[in-house]
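Since the structure comes first, as structure tokens, the remarks are kept for the end.
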Amino acid sequence: MNRVLLVDDDRSIRRIAQITLSEVGHFEVIVATSGAEALKLALEQQPDLVLLDVMMPDMDGFATLIKLQKEPKTAAIPVIFMTASVSQDEQKHYRTLGVRGVILKPFDPMTLPDQIKQILDNEPGEEPVDGATIKS
Amino acid sequence: MMDIEDRDWILLLDDDAFFRKLICDMLVALGHSVFEARNAQEATHAVNVRKPELAIVDYRLPGMDGITWIGRMRDEGHQFPVVFLSGQFCDAQMFNKLRNLLKVSLILQKPIVPELFLEQVGLFLPSPSAIPKRPGASGLSADKAGASGLSADKAGTQAQTQSAAERSRKAETQVKEMMQSELKHPPAVERALQAARKEYAAELPQAIKELAQNIRAAKESASDKDAFGQAVHIAHKLHGSAGSYGFANISEGAGKIENLLRSLENQDNTMEEILWSELIRTLADTESAAKVSIRQVVPESEDTPPGRMMPRHVIFLSNDNMMRAAVMPLMEEGVCDVTISASYDQALNSAQEQRPDVIFIDLSACSKGDVFSFVSRIRALPDCQNVPFALLTDSTSQLRDGEALYLGGSVVIDKPVSGTALSAAVQDLLSLRQTFMPRLLTVDDDDMLCTFIKTVMEPQGMVVKSLNEPIKIIEVLDAFAPDVVLLDVMMPAISGYDVCRMIRQKERWKELKVLFLTSKSSTEGRASAFRAGADDFLAKPVVSEELIARVKSQLERSLTMNERFARDPLTGVLQRAPFEKAATKLVEIARQNKTLVTLVLLEIEKIRDRAAQYGLTTAERVIAHLGKLIQARFRAEDVRARLGDYIVLVVPGKDGEATMEALLLLAEEFHQTKFDTGDGSVFRNTLKFGLAQLWRDCDDAVGLIQAASTALFNN
């Protein structure tokens, strides 16, 4: 596990996540600013993980996820959703779509890499980790 | 030899076995693998087997020295990070070679302080996640704790007693705790996050403004679906990003706003009004909370535009309209802030409101007697003791040189005066004013922070200088002679801790006040700051109120300040020690520039007889009066002090003739004052003085005092 595709239309989120993903988590980070760009980069770069924002203009997270799953060359790449607070039911619903986990926004950038590792350590099918904590 | 073929490792190249053991134990405790090399040959051999993650290299080695070895490695194309250790502080030339040519990451001085060493080296240590945890590496045994005792031995302290072992065990625990927190937040990441946070904070006000505009537009007209959608979108984004950047209160507010907006989408009309009012209230709360937290990160956001310095305050006392017209361009060009006053009372009021830096007095409109009382009153104001005065004269108000000196005019300008001459005079007097202000040196590689500190501290009446090449610290200290130093902990290649140790090594700067700027406000951060010799520390992000308070409290305790400005409580003039320094400096400058200095020793005639006759308190009243009078007369740059029963006055830039003229005026004014004896009668006093002039009577400071006293006693 070393290459992460980070997909978010919000520049601020991309910037802060990138810092700790690469410096603390020691991931190689690829960045996409839209669903369409994410599909293209996922195909070309074959990341080990896609970190996908749900609410994006044009193609949102759900649409992007479906397209990733339909394409044989990207179907096996695990996807983690990033989204603002959603209910447990909604999270369960996400997982039926084939998402490995959900990271809640806002997140603590320092522990973001750990959250990802925890989600990936869980076997698919286990309860998702939703331990987003905000440092004050 | 340790097997290094199949794991990450750190190279430790040092011929001192004790030192190797100390460092090695600490690194192993952290979970690192360390290979110890005693000389360059062993090190090269090991590097050829497998590239190290980090090399810690001593300078003095048997055979090839550390610098040559690093050079050899770089020549061969090895790029691993290097921490360089040396028994002495390196000079700027060596620093540049190590830093720029040999790409050394950090330069440290021996003896090291173990706790600080780990903090400093922590930046360059390979990530802990990459290191397989070694069994047993987590616990430190007692004999390992003794390792720091060994280094203490070398420093000349016997540290083998029970309590010493206890202490060192305690220190080890502290180190371990610190290391853990260090590993959790590698300083490089923290720096990057802080920079990102600052930028984000700068963008926040705009985002919040847009949110507010859209919400108001949506409330105004229910049909504005666009504005409504925009508001939801911005609130949603703010909730996620502001929170991730650590602005928890903004994130919370934005989240609440988003939820309220979403419920508005679905609600019937009965709830609508309540929801809107709740929404507006939340928006207002969020806006004000944002203001506070943004200002903590980007403090110069509103009141002062970044980079713009608070102007100096110049008071012009004149009712001459021509003069007023000549003054206006100064303000427009931003040279200074100008207050024009038509009367003494007006000028005094504005001096009380904003501390003046220079005061111009137009003599064509006022009598000299009034000038005396005005100058006395200004100098009695807080922080106004050393405000320089400029006197404007015309054909009706000609001044003799000695008169101007006695009135306190540092500069005398004949009217009419050109704009350029006026501007030059203002600049001269402002720099004269600066010599009396406390001085602050900022050492930080972050230009933005330096500018911020300047912006905050200059209006507080401080002279601020920034240094972003920490290796030049000693040179700059000697040239600038600050009273307080603000020192960043994390700088490229050299840490604030080592800069502080360099400062403390110089006898002259042992007592200098040093404040650390650190991004860690934790107990460990604080402890490291004090261990490195700091007087206080400031946590980043720096808040202006705290900055001012901390610097001021250090100034109050500053010996250098006391040395420069310690005053005699009875007379209000300088005490002997600061006088000697100030006088020596004036004479030195005069010798360099071949300018004049006169020194006068003043004696109140028969002062001892007065004490015997009327009591000591009465005699002291007379001495106090002379002190106050001489404080109110003469110029800001003249030095006045009390030496026992005598008052001494040093007048730079004037010859004996002008000074003598001023002294006669002083003697006359002093003689006019009547003192009561306590039994109903009054007496007057006479002033005696001895005067000496540099070049004419002698050519150094000691000679001047000698010559003045000879003149006094032969009078």
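The values are calculated or read from the model by the stated rules, or taken from the named source; none is laboratory data. Note that this is a predicted model, so its numbers are computed, not measured. Every residue, glycine as well, gets a Cβ built from its backbone with ideal geometry; the counts of neighbours run over all protein chains shown.
Scoring B:SER86 on the criteria (1) within 36 Å of the chain's Cα centre (by Cα); (2) over 15 Å from B:ILE494 (Cβ atoms); (3) polar (S, T, N, Q) leaves a single failure, condition (2).
Suppose we keep only residues that are of a type in the set (D, E, K, R) and more than 18 Å from B:ASP8 (Cα to Cα) within the range B:51-68. Which one would you say is surrounded by the most Cβ atoms within 10 Å (Cβ to Cβ)? Among them, the one singled out is B:ASP58.
For the range B:246-286, name all the residues that are of a type in the set (Gly, Ala, Ser) and part of a helix (DSSP H, G or I).
Within the range B:246-286, the first condition is being of a type in the set (Gly, Ala, Ser), and the residues that meet it are B:246, B:248, B:251, B:253-255, B:263, B:277, B:284.
The answer is B:ALA248, B:SER251, B:GLY253, B:ALA254, B:GLY255, B:SER263, B:SER277, B:ALA284.
For the range B:656-709, the set of residues classified as among the charged types (D, E, K, R) and not in a helix (DSSP H, G or I) consists of B:LYS674, B:ASP676, B:ASP679, B:ARG684, B:LYS688, B:ARG696, B:ASP697, B:ASP699, B:ASP700, listed by residue number.
Which of the residues belonging to the range B:100-119 are part of a helix (DSSP H, G or I) and over 12 Å from B:ILE67 (Cβ atoms)? Before the answer, list the steps.
So the first thing to find is which residues in the range B:100-119 are part of a helix (DSSP H, G or I), and the list is B:100-101, B:114-119.
Of everything in the range B:100-119, those that are part of a helix (DSSP H, G or I) and over 12 Å from B:ILE67 (Cβ atoms) turn out to be B:ASN100, B:PRO114, B:GLU115, B:LEU116, B:PHE117, B:LEU118, B:GLU119.
How many residues are assigned to a loop (DSSP other than H, G, I, E, B) and within 13 Å of A:PRO109 (Cβ to Cβ) when one looks only at the range A:9-26? Let's see the steps before the verdict.
Here is the first cut: in the range A:9-26, the ones assigned to a loop (DSSP other than H, G, I, E, B) are A:9-10, A:24-26.
Those still in the list that are within 13 Å of A:PRO109 (Cβ to Cβ) too: A:24-25.
Counting residues in the range A:9-26 that are assigned to a loop (DSSP other than H, G, I, E, B) and within 13 Å of A:PRO109 (Cβ to Cβ) gives 2.
Taken together, A:LYS67, A:LYS92 contain a single residue that is at pLDDT 85 or above and of a type in the set (Lys, Arg), which is A:LYS67. If we scan the range B:59-69, do we find a residue that is aromatic (Phe, Trp, Tyr), assigned to a helix (DSSP H, G or I) and touching a residue at least 40 places away in the same chain (Cβ under 8 Å)? Checking the range B:59-69: at least one residue is aromatic (Phe, Trp, Tyr), assigned to a helix (DSSP H, G or I) and touching a residue at least 40 places away in the same chain (Cβ under 8 Å).
Just checking, does the range A:52-59 include any residue being assigned to a loop (DSSP other than H, G, I, E, B), without any contact (Cβ under 8 Å) to a residue 24 or more places away in the chain and away from chain B (no Cβ under 14 Å)?
If we filter the range A:52-59 for residues that are assigned to a loop (DSSP other than H, G, I, E, B), which is where we start, we get A:54-59.
Then drop every residue that is not without any contact (Cβ under 8 Å) to a residue 24 or more places away in the chain, which leaves none.
The answer is no; no qualifying residue exists.
Checking each residue in the range B:97-110 for being under 28 Å from the mean Cα position of the chain (by Cα) and more than 12 Å from B:PRO492 (Cβ to Cβ) picks out B:LEU108, B:GLN109, B:LYS110.
Identify, from the list B:LEU616, B:LEU629, the residue that is modelled with pLDDT of 90 or more and farther than 26 Å from B:GLY703 by Cα. Exactly one residue qualifies, and that residue is B:LEU629. Can you confirm whether the range B:556-565 contains a residue that is of a type in the set (Lys, Arg), in contact with a helix residue (DSSP H, G or I) (Cβ under 8 Å, 6 or more places away or on another chain) and at pLDDT below 90? Checked against the condition, which is being of a type in the set (Lys, Arg), in contact with a helix residue (DSSP H, G or I) (Cβ under 8 Å, 6 or more places away or on another chain) and at pLDDT below 90, the range B:556-565 yields at least one hit. When B:THR304 is tested against (1) in a helix (DSSP H, G or I); (2) at pLDDT below 80, exactly one condition is not met: (1). The set of residues from the range B:262-293 being touching a residue at least 40 places away in the same chain (Cβ under 8 Å) and either surrounded by fewer than 14 Cβ atoms within 10 Å (Cβ to Cβ) or within 14 Å of chain A (Cβ to nearest Cβ) (or both) comprises B:ALA289, B:SER293.
Considered as a group, the residues in the range B:200-245 that are among the acidic types (Asp, Glu), in a helix (DSSP H, G or I) and more than 41 Å from the chain's Cα centre (by Cα) include one that is nearest to the other protein chains (Cβ to nearest Cβ), and that residue is B:ASP226.
In the range A:71-87 there is no residue matching the filter, namely being charged (D, E, K, R) and either surrounded by 14 or more Cβ atoms within 10 Å (Cβ to Cβ) or within 14 Å of another protein chain (Cβ to nearest Cβ) (or both). Note on the range B:456-552: enclosed strands (runs of 3 or more DSSP E) holding 3 or more residues that are modelled with pLDDT of 85 or more are B:463-467, B:484-488, B:513-518.
Residues that are assigned to a helix (DSSP H, G or I), touching a residue at least 24 places away in the same chain (Cβ under 8 Å) and crowded, with 18+ Cβ neighbours inside 10 Å do not occur anywhere in the range B:637-655.
For the range A:8-36, a tally of residues being away from chain B (no Cβ under 14 Å) and buried (at least 16 other Cβ atoms within 10 Å of the Cβ) returns 5. For B:LYS674, the conditions (1) on the phi > 0 side of the Ramachandran plot; (2) surrounded by fewer than 18 Cβ atoms within 10 Å (Cβ to Cβ) are fulfilled apart from (1).
Counting just the residues of the range B:246-261 that are at the interface with chain A (Cβ under 8 Å from one of its Cβ atoms) and surrounded by 20 or more Cβ atoms within 10 Å (Cβ to Cβ), which one comes out nearest to B:ALA290 (Cα to Cα)? Talk me through it step by step, then tell me what you get.
Kept after step one, since they are at the interface with chain A (Cβ under 8 Å from one of its Cβ atoms), are these residues of the range B:246-261: B:246, B:248, B:251, B:255, B:258.
Next, from what is left, pick out any that are surrounded by 20 or more Cβ atoms within 10 Å (Cβ to Cβ): B:246, B:251, B:255, B:258.
Working: B:GLY246: 12, B:SER251: 10, B:GLY255: 14, B:GLU258: 17 Å.
Among residues in the range B:246-261 that are at the interface with chain A (Cβ under 8 Å from one of its Cβ atoms) and surrounded by 20 or more Cβ atoms within 10 Å (Cβ to Cβ), the one nearest to B:ALA290 (Cα to Cα) is B:SER251.
Any residue in the range B:86-103 that is crowded, with 22+ Cβ neighbours inside 10 Å, touching a Leu at 6+ places or on another chain (Cβ under 7 Å), outside the structural domain of B:PRO492 (by TED's automatic domain parsing) and at pLDDT 85 or above? Before you say what the answer is, go through the steps one by one.
Residues of the range B:86-103 that are crowded, with 22+ Cβ neighbours inside 10 Å, as a first pass: B:98.
After this cut, where a residue has to be touching a Leu at 6+ places or on another chain (Cβ under 7 Å) as well, the list is none.
Checked against the condition, which is being crowded, with 22+ Cβ neighbours inside 10 Å, touching a Leu at 6+ places or on another chain (Cβ under 7 Å), outside the structural domain of B:PRO492 (by TED's automatic domain parsing) and at pLDDT 85 or above, the range B:86-103 yields no hits at all.
More than 17 Å from B:LYS237 (Cα to Cα) and without any contact (Cβ under 8 Å) to a residue 12 or more places away in the chain, is that true of A:HIS93? Criteria met by A:HIS93.
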